[in-house]
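Taking it in order: structure first as structure tokens, then the write-up.
The values are calculated or read from the model by the stated rules, or taken from the named source; none is laboratory data. This structure is a prediction, so every number in the text was calculated from the model and none was measured. FYI the Cβ positions are ideal-geometry reconstructions off the backbone, even for glycines, and counts take in every protein chain you see.
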Amino acid sequence: MTSSAMPSPAHASVLDLAPVLPVVVIDDAADAVPLARALVAGGLPAIEVTLRTPAALDAIRAIAAEVPDAVVGAGTVISAGGAADAVDAGARFLVSPGWTPALLDAMKGSGVPFLPGVSTASEVVALLEQGVTEMKFFPAEAAGGTAYLTSLSAPLPRARFCPTGGISPASAPAYLALPNVGCVGGSWMLPRDAIAIGDWPRVEALAREAAALRAR
């Protein structure tokens, strides 16, 4: 599935919407809509807004209400309350850096797709036992990178990943070439200096480059 042909979110995995999932930290909710529009125009419709700032939930609300072509989700979900608040704000998927049984139950009960974070084979096996096959691999580079994911692919072929953490435009294609990687997460298309001055054409151009990475 190419980034230009976004499948229906009701029937598609977040991993299949685009080769790159932008990981967004928003300090000012007023930036949310133009930022999201720039990402969508560049071919990255799935947008992970991290719950790291006070503006995050308002940003999710604004994107959900005003950018219909965006599939906005919440990242850094680390509690049941955070999951519920994100979905109430309009998040259409959830991403966590790790998981516990309580957090997994909350994400399962949220009514939206979710990517629980893993960094070990045991965590992957535990999720597979729970019927979860799609996961975030985090922190990707620090946890072993492409070599680690390659090692997981033979014994655990049902698991699919969105590696995130330390990935760059240079390293992303190697991840995307792996059979167990659906997309990668990153923030390199969101330079803070561009966001600070509202240089949305630059964000769109970087997003377009990221959306083309799978074709390289």
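So, in the stretch 35-53, how many residues would count as being crowded, with 20+ Cβ neighbours inside 10 Å, among the aliphatic types (A, V, I, L, M) and over 14 Å from residue 25 (Cβ atoms)? Walk me through it before giving the result.
Taking the stretch 35-53 as the starting set, the residues that turn out to be crowded, with 20+ Cβ neighbours inside 10 Å are 35-36, 38-40, 42-49, 51.
Within this subset, residues satisfying the condition of being among the aliphatic types (A, V, I, L, M) are 35-36, 38-40, 44, 46-47, 49, 51.
From what is left, the residues that are over 14 Å from residue 25 (Cβ atoms) are 38, 40, 44, 46.
Of the residues in the stretch 35-53, 4 are crowded, with 20+ Cβ neighbours inside 10 Å, among the aliphatic types (A, V, I, L, M) and over 14 Å from residue 25 (Cβ atoms).
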Item checked: Exclusive hit being surrounded by 19 or more Cβ atoms within 10 Å (Cβ to Cβ) and at pLDDT 95 or above, set 84, 80, 56 -> 56
Next item on the list: Check the stretch 196-206 and report whether any residue there is closer than 21 Å to residue 86 by Cβ and of a type outside the set (Ser, Thr, Tyr).
Entry: no
Next item on the list: Being surrounded by fewer than 23 Cβ atoms within 10 Å (Cβ to Cβ), farther than 15 Å from residue 147 by Cβ and of a type in the set (A, V, I, L, M) is the filter here, so list the residues in the stretch 160-175 that pass it.
Entry: 170
Notebook entry, point to check: What helices (runs of 4 or more DSSP H), lying completely within the stretch 7-109, carry at least 3 residues that are under 16 Å from the mean Cα position of the chain (by Cα)?
Noted result: 32-41, 56-66, 80-89
Next item on the list: Quickly run through the stretch 114-136 and pick out the residues that are more than 11 Å from residue 98 (Cβ to Cβ) and either among the aromatic types (Phe, Trp, Tyr) or assigned to a loop (DSSP other than H, G, I, E, B) (or both).
Entry: 114, 130, 131, 132, 133
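Yes/no matrix, rows are residues, columns are (1) of a type in the set (Ser, Thr, Tyr); (2) in contact (Cβ under 8 Å) with a residue 24 or more places away in the chain:
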position	(1), (2)
49	no, yes
64	no, yes
73	no, yes
77	no, yes
85	no, yes
105	no, yes
116	no, no
119	yes, yes
